[in-house]
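The values are calculated or read from the model by the stated rules, or taken from the named source; none is laboratory data. Computed from a prediction, not measured in an experiment: that's the story for all the values here. In this analysis, Cβ positions are derived from the backbone assuming ideal geometry, glycine residues included, and neighbour counts consider all displayed protein chains.
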Amino acid sequence: MKKQFSALKRGIFFFVLVFTTIPVFSQSKLLAGSWRLIAADKILPDGSQVADFGTAPHGIAIFTADGHYVVEIFRSDRVKFASGDRAKGTPEEYKDAVLSASCHFGTYTVDAAKSTITFHLDRASYPNWDETTRVSSFKLEGDKLTWQVPPRPDGSIPVSIFSRMP
C-alpha cells in the first residue's frame, strides 16, 4: 500500500510539473530564436518616427525556449577611443560609449493575448534597469518582430525592429 501511495504521489507531482511548465515553453516558442536588428527608431511626441541609433544600427536579440533572453543594440557611428585603451578614454568618449549602446539580458515571458513581452532584467548597460521588470508591447508579422518600450522622460518612445535569422 505504501509503494502504491508513493508511486501515486510521484505521478501526481510529475503531472503537475509537466502541466504547469507547458504554457511557459509554448509561450516562449513564439519568439524563440535569434533576431537581427533592422531598425532602432524612436517615435517623437509629435508622432514622427526617426532613427534613434543612426542610419544603420547593429544588434541582436536572442530568445530561448526556456525563457532567457539577451538584447544588444549599437549605434552605427561609434567614436573610437583615441588612446586605444578603454581605461584611458576622455569624458566625451565615455559618454559616447554609454549612449551608443543599449544592452540587457535576463528572463522573459510573453502574453500573446495582450501582445506584450515582459522583460525581467538581470543586468543592463543602463544600471538603473538592473533587476527591474519592463513590459513592452510587441507585434510579430511573419519573420518581423517589433516592440516598443515605455516612453522616455523626453516623451520619445523607442521602437526596436528585428528580423528572424534563419
Starting from the range 56-79, take each residue that is surrounded by 15 or more Cβ atoms within 10 Å (Cβ to Cβ) and small (Gly, Ala, Ser) and list its partners that are at pLDDT 95 or above and assigned to a loop (DSSP other than H, G, I, E, B), counting only C-beta distances under 7 angstrom and pairs at least six apart or across chains.
65/32
Quick one: what pairs do we get from the range 153-166, first residue at negative phi and charged (D, E, K, R), second at pLDDT below 95 and in a strand (DSSP E or B), C-beta under 7 Å, 6+ apart or different chains?
none
Against the definition (within 17 Å of residue 149 (Cβ to Cβ), among the hydroxyl-bearing types (Ser, Thr, Tyr) and in contact with a helix residue (DSSP H, G or I) (Cβ under 7 Å, 6 or more places away or on another chain)), how does residue 109 come out, yes or no?
yes
If I filter the range 101-144 down to residues being among the hydroxyl-bearing types (Ser, Thr, Tyr) and part of a loop (DSSP other than H, G, I, E, B), which single residue comes out as surrounded by the most Cβ atoms within 10 Å (Cβ to Cβ)?
125
